[in-house]
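Here is the structure we will look at.
Values in this text are rule-based calculations from the coordinates and carry no lab data. Being a predicted model, the structure only gives us computed values, none of them experimental. Heads up, the Cβs are rebuilt from the backbone with ideal geometry, glycines too, and the neighbour counts pull from every protein chain shown.
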Amino acid sequence: MAGRGVATALLLVLATAGCADSDDIAKSRAIDAARESAEGMRVRFQGASTGRSGRELLESLGRVLPTGDLVAVGEPALDGEDAVIDILLVTKGEAGGGLSYADYRVRMCVQYRVTGGVEPTSTVTDIPCDQAPALDSGPVEQTITVRE
């Protein structure tokens, strides 16, 4: 009988350890996905702004805005010569399976500032999420920033 108790305890320890690892992996995947998406959008916006200014810049950016259930995009606006776009992004990371399955959701609230022209630039900075577009994405475990 004592052997069964030890075996059960060992299985419980192993299963719990697997869950902890899955949780950490899922969290890491969600954070990495959000930061990669933010950088990908920055590059896409910069590419779309080459040779453009004013209304033409806004129209060009409008054609490459992200879409989907886990992203909310504010209306692109001009601020002087720059286009400004606020985005709320939610990403999900998953890991494990069966008893060790874990998922983790993060959100990131950012503002892109894009300058068109011959040598376009595009920057991304964090903004408070109460200033970002609204998104009903369900619960998120953490709000993250563009950089660690």
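Overview of values
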item	result
Total formal charge among the other residues, if their Cβ is under 13 angstrom from that of residue 75, Lys/Arg +1 and Asp/Glu -1	-3
Cβ-defined net charge surrounding residue 29, 14 Å radius [Lys, Arg +1; Asp, Glu -1]	-4
Theoretical gain in end-to-end length, residue 36 to residue 136 [0.36 nm per residue, Cα-Cα removed]	33.8 nm
Residue among 26, 89, 64 farthest towards the positive dipole end of the chain, charges placed on Cβ	26
Sequence of 86, 69, 136 once ranked by neighbouring C-beta atoms within 10 Å, starting from the fewest	136, 69, 86
GNM top mover of 70, 88, 99 - the chain, alpha-carbon springs below 10 Å	99
Sorted by Cβ density within 10 Å, fewest first, the residues 39, 148	148, 39
Lys, Arg +1 and Asp, Glu -1 on Cβ, resulting dipole of segment 17-148 about Cα centre, debye, nearest 20	240 debye
CD proxy at 222 nm, helix term only [per DSSP H run n ≥ 4: -39500 (n - 2.57); per residue of the chain; nearest 500]	-13500 deg cm²/dmol
Relative contact order for segment 30-148, counting Cα pairs under 8 Å that sit 6 or more residues apart, in percent	30 percent
Charge tally in the Cβ shell below 14 Å around residue 130, where Lys, Arg are +1 and Asp, Glu are -1, residue 130 excluded	-1
